[in-house]
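Each remark here refers to the structure printed beneath this line.
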Amino acid sequence: MTIRHPELTVRPLRAEEWETWYRTVEVAFGGDQESSEERELWRRLIGVERTLAVWSGGRLVGGGGSFDFRLVVPGGAVVPAAGVVAVGVLPTHRRRGALTALMRRQLDGVRAAGEPLAVLTASEPVIYGRFGYGPATRRASVSMLRGRVRVHTPERDGEAVLRLADPVAELPRCEELYARLAAVRPGTLLRRPGWEAVPVLDVPSGRAGFSPLQCVLAEDAESGELLGYARYAVKPEWTDRGAAGVVRVRVVQAERPWVAARLWEFLLDLDLTERVEADNLPVDDALLHLVSDVRHLLPRIVDGMYLRLVDLPVALAARGYPAAVDVVLEVTDAFCPWNAGRWRLTAAPGGPASCVRTGDPAELALDVRELGSVYLGGGSLAALAAAGLVRELRPGALEPAAAAFRSGLEPWLPHGF
(Lines give C-alpha, C1' and ligand atoms only; values in the text may rest on other atoms or scores of the structure.)
Protein backbone atom coordinates (compact mmCIF):
# COMPACT_ATOMS: atom_id res chain seq x y z
CA MET A 1 0.00 0.00 0.00
CA THR A 2 1.31 3.44 -0.95
CA ILE A 3 0.09 6.65 0.70
CA ARG A 4 0.48 9.98 -1.09
CA HIS A 5 0.26 13.48 0.29
CA PRO A 6 1.07 16.70 -1.57
CA GLU A 7 4.72 16.28 -2.62
CA LEU A 8 5.11 13.19 -0.39
CA THR A 9 4.89 9.45 -0.95
CA VAL A 10 5.11 6.81 1.79
CA ARG A 11 5.75 3.23 0.72
CA PRO A 12 7.56 0.08 1.88
CA LEU A 13 11.32 0.12 1.43
CA ARG A 14 12.98 -1.98 -1.26
CA ALA A 15 16.04 -4.05 -0.44
CA GLU A 16 18.32 -2.08 -2.77
CA GLU A 17 17.31 1.18 -1.02
CA TRP A 18 18.46 0.14 2.46
CA GLU A 19 21.78 2.00 2.56
CA THR A 20 20.22 5.23 1.29
CA TRP A 21 17.43 4.89 3.85
CA TYR A 22 19.87 4.25 6.69
CA ARG A 23 22.06 7.26 5.81
CA THR A 24 18.95 9.45 5.58
CA VAL A 25 17.76 8.42 9.03
CA GLU A 26 21.26 9.03 10.45
CA VAL A 27 21.16 12.58 9.08
CA ALA A 28 17.68 13.08 10.52
CA PHE A 29 19.08 12.13 13.94
CA GLY A 30 21.91 14.64 13.74
CA GLY A 31 24.38 12.99 11.39
CA ASP A 32 26.11 10.66 13.85
CA GLN A 33 27.20 7.61 11.86
CA GLU A 34 27.07 4.19 13.45
CA SER A 35 29.74 1.54 12.97
CA SER A 36 29.47 -1.12 10.30
CA GLU A 37 28.79 -3.70 13.05
CA GLU A 38 25.85 -1.70 14.38
CA ARG A 39 24.53 -1.00 10.90
CA GLU A 40 24.57 -4.68 9.94
CA LEU A 41 22.99 -5.75 13.25
CA TRP A 42 20.08 -3.34 12.85
CA ARG A 43 19.63 -4.35 9.23
CA ARG A 44 19.20 -7.97 10.29
CA LEU A 45 16.86 -7.13 13.15
CA ILE A 46 14.59 -4.57 11.49
CA GLY A 47 14.18 -6.26 8.15
CA VAL A 48 13.28 -4.47 4.93
CA GLU A 49 9.75 -5.90 5.00
CA ARG A 50 8.93 -3.85 8.14
CA THR A 51 10.53 -0.61 6.94
CA LEU A 52 8.85 2.42 5.38
CA ALA A 53 10.37 5.22 3.30
CA VAL A 54 9.14 8.77 2.72
CA TRP A 55 9.87 10.19 -0.71
CA SER A 56 9.62 13.72 -2.07
CA GLY A 57 10.31 14.52 -5.72
CA GLY A 58 12.22 11.28 -6.20
CA ARG A 59 14.39 11.80 -3.12
CA LEU A 60 14.26 9.72 0.04
CA VAL A 61 13.62 12.22 2.86
CA GLY A 62 12.63 10.10 5.85
CA GLY A 63 11.43 6.79 7.12
CA GLY A 64 10.79 4.44 9.99
CA GLY A 65 10.71 0.77 10.81
CA SER A 66 9.43 -1.65 13.39
CA PHE A 67 10.63 -4.78 15.12
CA ASP A 68 8.57 -7.93 15.61
CA PHE A 69 8.44 -7.92 19.42
CA ARG A 70 6.85 -10.12 22.08
CA LEU A 71 6.01 -8.02 25.13
CA VAL A 72 5.34 -9.32 28.64
CA VAL A 73 2.19 -7.72 30.09
CA PRO A 74 0.59 -7.89 33.57
CA GLY A 75 -0.52 -11.42 34.42
CA GLY A 76 2.40 -12.93 32.54
CA ALA A 77 0.82 -13.03 29.08
CA VAL A 78 3.02 -12.32 26.06
CA VAL A 79 1.51 -9.99 23.47
CA PRO A 80 2.77 -9.22 19.92
CA ALA A 81 3.94 -5.63 19.65
CA ALA A 82 5.49 -3.51 16.93
CA GLY A 83 8.72 -1.96 18.21
CA VAL A 84 8.80 1.35 16.36
CA VAL A 85 12.34 2.49 15.52
CA ALA A 86 14.39 4.86 13.37
CA VAL A 87 11.57 7.31 12.73
CA GLY A 88 13.05 10.46 11.24
CA VAL A 89 12.59 13.12 8.56
CA LEU A 90 15.30 15.30 7.01
CA PRO A 91 15.38 18.83 8.47
CA THR A 92 14.57 20.24 5.02
CA HIS A 93 11.21 18.43 5.02
CA ARG A 94 9.90 19.01 8.53
CA ARG A 95 6.39 20.34 9.13
CA ARG A 96 5.10 19.20 5.74
CA GLY A 97 3.04 16.29 7.04
CA ALA A 98 5.74 13.66 6.44
CA LEU A 99 5.74 12.29 9.99
CA THR A 100 1.94 12.20 10.15
CA ALA A 101 1.77 10.35 6.83
CA LEU A 102 4.45 7.92 8.01
CA MET A 103 2.72 7.19 11.32
CA ARG A 104 -0.62 6.77 9.54
CA ARG A 105 0.85 4.17 7.18
CA GLN A 106 2.73 2.42 9.96
CA LEU A 107 -0.17 2.08 12.40
CA ASP A 108 -2.47 0.88 9.64
CA GLY A 109 0.11 -1.77 8.85
CA VAL A 110 0.52 -2.78 12.48
CA ARG A 111 -3.23 -3.25 12.78
CA ALA A 112 -3.38 -5.28 9.56
CA ALA A 113 -0.57 -7.51 10.85
CA GLY A 114 -2.60 -8.36 13.96
CA GLU A 115 -0.26 -6.67 16.44
CA PRO A 116 -2.46 -5.05 19.13
CA LEU A 117 0.32 -2.88 20.55
CA ALA A 118 3.02 -0.54 19.30
CA VAL A 119 5.91 0.59 21.50
CA LEU A 120 8.85 2.96 21.12
CA THR A 121 11.52 4.90 22.95
CA ALA A 122 11.02 8.58 22.21
CA SER A 123 13.78 10.98 21.23
CA GLU A 124 11.20 13.75 21.75
CA PRO A 125 8.19 12.54 23.80
CA VAL A 126 5.98 15.49 22.86
CA ILE A 127 5.91 14.25 19.27
CA TYR A 128 4.41 10.85 19.94
CA GLY A 129 1.64 11.90 22.29
CA ARG A 130 -0.07 13.30 19.19
CA PHE A 131 -0.23 9.78 17.80
CA GLY A 132 -1.63 8.14 20.94
CA TYR A 133 1.55 6.94 22.65
CA GLY A 134 1.66 7.23 26.43
CA PRO A 135 4.67 6.80 28.79
CA ALA A 136 4.30 3.20 29.98
CA THR A 137 7.61 2.47 31.74
CA ARG A 138 10.13 4.44 33.74
CA ARG A 139 13.75 3.81 34.60
CA ALA A 140 15.98 4.82 37.48
CA SER A 141 19.52 6.08 37.07
CA VAL A 142 21.91 6.07 40.02
CA SER A 143 25.43 7.31 40.77
CA MET A 144 27.18 5.97 43.87
CA LEU A 145 30.49 6.95 45.45
CA ARG A 146 32.61 3.98 46.46
CA GLY A 147 32.90 3.75 50.22
CA ARG A 148 29.81 5.84 50.90
CA VAL A 149 27.27 3.09 50.28
CA ARG A 150 27.07 -0.32 51.90
CA VAL A 151 24.88 -3.12 50.57
CA HIS A 152 22.78 -5.16 52.98
CA THR A 153 22.90 -8.88 52.26
CA PRO A 154 19.55 -10.66 52.68
CA GLU A 155 19.37 -14.18 54.09
CA ARG A 156 21.26 -16.64 51.91
CA ASP A 157 20.17 -20.08 50.83
CA GLY A 158 23.53 -21.04 49.36
CA GLU A 159 27.00 -19.78 48.44
CA ALA A 160 28.02 -18.02 45.27
CA VAL A 161 31.41 -17.87 43.60
CA LEU A 162 32.16 -14.88 41.39
CA ARG A 163 34.00 -15.41 38.12
CA LEU A 164 35.00 -13.04 35.34
CA ALA A 165 33.96 -14.39 31.95
CA ASP A 166 33.69 -13.49 28.30
CA PRO A 167 30.29 -11.77 27.87
CA VAL A 168 29.74 -13.27 24.40
CA ALA A 169 30.83 -16.80 25.29
CA GLU A 170 28.49 -16.83 28.29
CA LEU A 171 25.49 -15.45 26.38
CA PRO A 172 23.50 -18.71 26.22
CA ARG A 173 23.55 -19.18 30.00
CA CYS A 174 22.81 -15.52 30.69
CA GLU A 175 19.96 -15.55 28.19
CA GLU A 176 18.33 -18.49 29.98
CA LEU A 177 18.35 -16.48 33.21
CA TYR A 178 17.10 -13.37 31.40
CA ALA A 179 14.15 -15.33 29.96
CA ARG A 180 13.11 -16.58 33.41
CA LEU A 181 13.22 -13.08 34.87
CA ALA A 182 11.51 -11.52 31.84
CA ALA A 183 8.46 -13.73 32.29
CA VAL A 184 7.49 -12.02 35.55
CA ARG A 185 8.09 -8.31 34.88
CA PRO A 186 5.71 -6.35 32.61
CA GLY A 187 7.38 -4.29 29.92
CA THR A 188 10.16 -6.79 29.36
CA LEU A 189 10.82 -7.97 25.83
CA LEU A 190 11.22 -11.69 25.17
CA ARG A 191 14.26 -11.67 22.97
CA ARG A 192 13.61 -12.87 19.44
CA PRO A 193 16.37 -14.64 17.45
CA GLY A 194 19.26 -12.26 16.88
CA TRP A 195 18.40 -9.97 19.78
CA GLU A 196 20.76 -11.75 22.14
CA ALA A 197 23.55 -9.77 20.44
CA VAL A 198 22.12 -6.38 21.47
CA PRO A 199 22.96 -6.50 25.21
CA VAL A 200 26.59 -7.32 24.46
CA LEU A 201 27.07 -4.96 21.52
CA ASP A 202 30.44 -3.36 22.27
CA VAL A 203 31.71 -1.13 19.48
CA PRO A 204 35.17 0.35 20.19
CA SER A 205 34.22 3.70 18.66
CA GLY A 206 31.34 4.01 21.13
CA ARG A 207 33.21 3.30 24.35
CA ALA A 208 34.06 6.96 25.14
CA GLY A 209 37.13 5.98 27.13
CA PHE A 210 35.60 2.98 28.86
CA SER A 211 37.06 -0.50 28.76
CA PRO A 212 35.68 -3.32 26.63
CA LEU A 213 32.53 -4.83 28.12
CA GLN A 214 33.20 -6.96 31.21
CA CYS A 215 31.05 -9.76 32.63
CA VAL A 216 31.04 -11.23 36.12
CA LEU A 217 29.09 -14.40 36.85
CA ALA A 218 27.72 -15.53 40.21
CA GLU A 219 27.70 -19.33 40.21
CA ASP A 220 26.55 -21.80 42.83
CA ALA A 221 29.61 -22.93 44.79
CA GLU A 222 28.59 -26.61 44.61
CA SER A 223 26.67 -27.15 41.37
CA GLY A 224 28.09 -24.38 39.18
CA GLU A 225 24.56 -23.23 38.33
CA LEU A 226 24.38 -19.65 37.12
CA LEU A 227 22.68 -17.59 39.83
CA GLY A 228 23.23 -14.12 38.41
CA TYR A 229 25.46 -11.93 36.28
CA ALA A 230 26.50 -8.33 35.77
CA ARG A 231 27.88 -6.57 32.71
CA TYR A 232 29.90 -3.40 33.12
CA ALA A 233 32.80 -1.33 31.82
CA VAL A 234 35.45 0.73 33.63
CA LYS A 235 36.87 4.12 32.70
CA PRO A 236 40.25 4.85 34.33
CA GLU A 237 40.53 8.37 35.71
CA TRP A 238 43.13 10.01 37.95
CA THR A 239 43.15 13.16 40.08
CA ASP A 240 45.65 14.71 42.47
CA ARG A 241 44.11 12.49 45.15
CA GLY A 242 44.76 9.32 43.14
CA ALA A 243 42.59 6.86 41.26
CA ALA A 244 39.06 8.03 40.47
CA GLY A 245 37.82 5.53 37.91
CA VAL A 246 34.17 5.17 36.91
CA VAL A 247 32.26 1.89 36.70
CA ARG A 248 29.39 1.97 34.22
CA VAL A 249 26.92 -0.83 34.92
CA ARG A 250 24.96 -2.08 31.96
CA VAL A 251 22.88 -4.74 33.74
CA VAL A 252 22.63 -6.76 36.96
CA GLN A 253 20.38 -9.82 36.83
CA ALA A 254 19.68 -12.35 39.58
CA GLU A 255 16.69 -14.38 40.72
CA ARG A 256 17.62 -14.35 44.42
CA PRO A 257 18.01 -11.11 46.40
CA TRP A 258 21.23 -12.15 48.11
CA VAL A 259 22.87 -12.89 44.76
CA ALA A 260 21.95 -9.42 43.46
CA ALA A 261 23.42 -7.94 46.64
CA ARG A 262 26.64 -9.90 46.13
CA LEU A 263 27.02 -8.60 42.58
CA TRP A 264 26.47 -4.99 43.67
CA GLU A 265 29.02 -5.44 46.46
CA PHE A 266 31.51 -6.54 43.80
CA LEU A 267 30.79 -3.55 41.56
CA LEU A 268 31.09 -1.12 44.48
CA ASP A 269 34.49 -2.45 45.48
CA LEU A 270 36.50 -2.52 42.24
CA ASP A 271 40.05 -1.27 42.69
CA LEU A 272 41.10 2.11 41.27
CA THR A 273 37.49 3.29 41.01
CA GLU A 274 35.60 6.03 42.81
CA ARG A 275 32.10 6.02 41.33
CA VAL A 276 29.56 3.47 40.08
CA GLU A 277 26.88 4.53 37.61
CA ALA A 278 23.84 2.71 36.26
CA ASP A 279 21.31 4.44 34.03
CA ASN A 280 18.67 1.76 33.49
CA LEU A 281 17.26 0.11 36.61
CA PRO A 282 13.61 -0.68 37.37
CA VAL A 283 12.22 2.04 39.62
CA ASP A 284 11.52 -0.67 42.22
CA ASP A 285 14.91 -2.35 41.80
CA ALA A 286 16.15 -4.28 44.84
CA LEU A 287 19.23 -2.05 45.03
CA LEU A 288 17.10 0.86 46.22
CA HIS A 289 16.17 -1.20 49.28
CA LEU A 290 19.50 -2.92 49.86
CA VAL A 291 21.76 0.13 50.24
CA SER A 292 22.59 1.66 53.60
CA ASP A 293 21.58 5.18 52.52
CA VAL A 294 19.47 5.68 49.42
CA ARG A 295 20.41 9.37 49.30
CA HIS A 296 23.93 8.38 48.28
CA LEU A 297 22.53 6.78 45.13
CA LEU A 298 21.53 10.20 43.81
CA PRO A 299 18.55 8.48 42.15
CA ARG A 300 16.82 10.06 39.18
CA ILE A 301 13.64 8.78 37.53
CA VAL A 302 13.12 9.29 33.80
CA ASP A 303 10.73 8.02 31.16
CA GLY A 304 11.38 4.73 29.38
CA MET A 305 9.12 3.05 26.84
CA TYR A 306 6.01 4.58 25.28
CA LEU A 307 3.05 2.39 24.37
CA ARG A 308 0.10 2.70 22.03
CA LEU A 309 -2.98 0.48 21.94
CA VAL A 310 -3.52 -0.34 18.26
CA ASP A 311 -6.34 -2.86 18.76
CA LEU A 312 -7.89 -1.69 22.04
CA PRO A 313 -10.26 -4.58 22.86
CA VAL A 314 -7.68 -7.24 22.04
CA ALA A 315 -4.98 -5.48 24.04
CA LEU A 316 -7.13 -4.92 27.13
CA ALA A 317 -8.40 -8.51 27.09
CA ALA A 318 -4.87 -9.90 26.74
CA ARG A 319 -3.45 -8.68 30.06
CA GLY A 320 -4.26 -9.84 33.56
CA TYR A 321 -5.88 -7.77 36.32
CA PRO A 322 -4.97 -8.22 40.01
CA ALA A 323 -8.35 -6.92 41.18
CA ALA A 324 -11.89 -7.39 39.90
CA VAL A 325 -13.04 -4.76 37.43
CA ASP A 326 -16.30 -4.07 35.62
CA VAL A 327 -16.21 -0.60 34.11
CA VAL A 328 -17.40 1.21 30.98
CA LEU A 329 -14.66 3.30 29.42
CA GLU A 330 -15.35 6.21 27.09
CA VAL A 331 -12.20 6.33 24.97
CA THR A 332 -11.15 9.05 22.54
CA ASP A 333 -8.66 8.23 19.80
CA ALA A 334 -8.27 10.85 17.11
CA PHE A 335 -5.55 9.03 15.17
CA CYS A 336 -6.94 5.47 15.25
CA PRO A 337 -10.71 6.08 15.34
CA TRP A 338 -11.54 2.37 15.35
CA ASN A 339 -10.58 2.43 19.05
CA ALA A 340 -12.89 5.31 19.94
CA GLY A 341 -16.18 4.81 21.74
CA ARG A 342 -17.52 3.00 24.78
CA TRP A 343 -15.99 -0.26 25.93
CA ARG A 344 -16.99 -2.49 28.82
CA LEU A 345 -13.97 -4.04 30.50
CA THR A 346 -14.63 -6.95 32.85
CA ALA A 347 -12.08 -9.17 34.58
CA ALA A 348 -11.37 -11.05 37.78
CA PRO A 349 -8.00 -11.97 39.32
CA GLY A 350 -6.55 -15.04 37.62
CA GLY A 351 -9.37 -15.23 35.10
CA PRO A 352 -9.83 -14.16 31.49
CA ALA A 353 -10.68 -10.55 30.71
CA SER A 354 -13.28 -9.27 28.28
CA CYS A 355 -13.48 -5.93 26.46
CA VAL A 356 -16.47 -5.35 24.19
CA ARG A 357 -18.33 -2.41 22.73
CA THR A 358 -21.35 -1.27 24.69
CA GLY A 359 -24.12 1.28 24.66
CA ASP A 360 -24.19 1.48 28.46
CA PRO A 361 -23.44 4.82 30.13
CA ALA A 362 -19.75 5.62 30.41
CA GLU A 363 -18.17 5.52 33.89
CA LEU A 364 -14.63 6.74 33.12
CA ALA A 365 -13.56 8.96 30.23
CA LEU A 366 -9.98 9.13 28.93
CA ASP A 367 -7.84 9.27 25.83
CA VAL A 368 -6.07 6.23 24.40
CA ARG A 369 -2.80 7.88 25.40
CA GLU A 370 -3.71 7.56 29.09
CA LEU A 371 -4.68 3.91 28.59
CA GLY A 372 -1.23 3.35 27.12
CA SER A 373 0.33 4.95 30.19
CA VAL A 374 -1.29 2.47 32.61
CA TYR A 375 -1.53 -0.58 30.36
CA LEU A 376 1.63 -2.25 31.69
CA GLY A 377 0.67 -1.67 35.32
CA GLY A 378 2.75 1.41 36.05
CA GLY A 379 1.38 4.84 36.78
CA SER A 380 -2.12 5.24 38.16
CA LEU A 381 -5.53 6.05 36.77
CA ALA A 382 -6.17 7.92 40.02
CA ALA A 383 -3.07 10.06 39.52
CA LEU A 384 -4.10 10.78 35.94
CA ALA A 385 -7.55 11.75 37.22
CA ALA A 386 -5.93 14.13 39.69
CA ALA A 387 -4.16 15.71 36.72
CA GLY A 388 -7.45 16.08 34.86
CA LEU A 389 -6.56 13.47 32.24
CA VAL A 390 -9.14 10.90 33.37
CA ARG A 391 -12.72 11.87 34.26
CA GLU A 392 -14.83 9.88 36.69
CA LEU A 393 -18.35 9.97 35.27
CA ARG A 394 -19.86 7.62 37.82
CA PRO A 395 -18.89 8.26 41.46
CA GLY A 396 -16.93 5.33 42.82
CA ALA A 397 -15.83 3.98 39.44
CA LEU A 398 -12.25 5.27 39.60
CA GLU A 399 -10.84 3.49 42.64
CA PRO A 400 -11.55 -0.15 41.65
CA ALA A 401 -10.47 0.51 38.06
CA ALA A 402 -7.21 2.07 39.26
CA ALA A 403 -6.53 -0.96 41.48
CA ALA A 404 -7.25 -3.36 38.62
CA PHE A 405 -4.77 -1.71 36.25
CA ARG A 406 -1.84 -1.82 38.69
CA SER A 407 0.89 -4.45 38.61
CA GLY A 408 2.87 -6.03 41.45
CA LEU A 409 6.21 -5.24 39.81
CA GLU A 410 6.81 -1.92 38.11
CA PRO A 411 7.06 -2.27 34.33
CA TRP A 412 10.55 -1.93 32.91
CA LEU A 413 12.26 -1.96 29.52
CA PRO A 414 15.62 -3.74 30.00
CA HIS A 415 17.34 -2.29 26.93
CA GLY A 416 16.72 0.25 24.22
CA PHE A 417 15.90 -0.43 20.60
Original post:
Which shape class, rounded, prolate or oblate, goes with segment 230-346 when its Cα gyration tensor gives a ≥ b ≥ c as root eigenvalues, a/c under 1.5 marks rounded, and past that a/b bigger than b/c marks prolate?
Top reply: prolate
Original post:
Highest GNM mean-square fluctuation, the chain, Cα pairs closer than 10 Å: which of Asp360, Asp166, Asp157?
Top reply: Asp157
Original post:
Tell me, what is the per residue accessible area of the chain in Å², probe radius 1.4 Å?
Top reply: 45
Subject >> Gap separating the Cα centres of segment 291-312 and segment 157-209, nearest whole Å >> reply: 20
Original post:
Which order do Arg295, Arg111, Arg44 take by accessible area at a 1.4 Å probe, largest first?
Top reply: Arg295, Arg44, Arg111
Original post:
Mean residue ellipticity at 222 nm from the helices of the chain, using -39,500 (n - 2.57) per DSSP H segment of n ≥ 4 over the full residue count, to the nearest 500 deg cm²/dmol?
Top reply: -6500 deg cm²/dmol
**OP:** Name the residue farthest towards the positive end of the dipole of the chain from the options Trp238, Leu164, Thr188, assuming +1 on Cβ of Lys and Arg, -1 on Cβ of Asp and Glu, about the Cα centre.
**Re:** Thr188
**OP:** Post the alpha-carbon centroid distance, segment 225-254 to segment 50-110, in whole angstrom.
**Re:** 36
Original post:
Given a Förster distance of 35 angstrom, what is the FRET efficiency for Asp326 paired with Val184, based on the Cβ-Cβ distance and rounded to 0.05?
Top reply: 0.85
Subject >> Computed FRET value (nearest 0.05) for Val294 with Thr92, which takes r as the C-beta separation and R₀ as 51 Å >> reply: 0.60
Subject >> Accessible surface of the chain [probe 1.4 Å, protein heavy atoms]: carbon and sulfur percent >> reply: 52
**OP:** Might you report the magnitude of the Cβ-based charge dipole of segment 104-251 about its Cα centre, with Lys and Arg at +1 and Asp and Glu at -1, to the nearest 20 debye?
**Re:** 880
**OP:** Quote the relative contact order of the chain in percent (integer), defining contacts as alpha-carbon pairs under 8 Å separated by 6+ residues.
**Re:** 19
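Rank these by accessible area, largest first, 1.4 Å probe: Ile301, Ile127.
Ile301, Ile127
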**OP:** Figure the gain on full extension for Phe29 and Val126 (residue separation times 0.36 nm, minus the Cα-Cα span) and round it to one decimal in nm.
**Re:** 33.3 nm
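Suppose every K and R has +1 on its Cβ and every D and E has -1 on its Cβ; what is the size of the dipole of segment 44-98 about the Cα centre, in Debye to the nearest 20?
Details: 7 positive and 2 negative charges, 56 e Å.
Once rounded to the nearest 20, the dipole reads 260 debye.
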**OP:** Quote to one decimal, in nm, the extra length available between Leu272 and Thr239 on full extension: 0.36 nm per residue of separation minus the C-alpha distance between them.
**Re:** 10.8 nm
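The values are calculated or read from the model by the stated rules, or taken from the named source; none is laboratory data. Note that the structure is predicted; figures quoted are calculated from it, not measured. We place every Cβ from the backbone using ideal geometry, glycine too, and count neighbours over all the protein chains shown. What goes into the accessible areas is simple: the full protein's heavy atoms, side chains included, and nothing from ligands, DNA or RNA. Shrake-Rupley method; radii C 1.70, N 1.55, O 1.52, S 1.80 Å.
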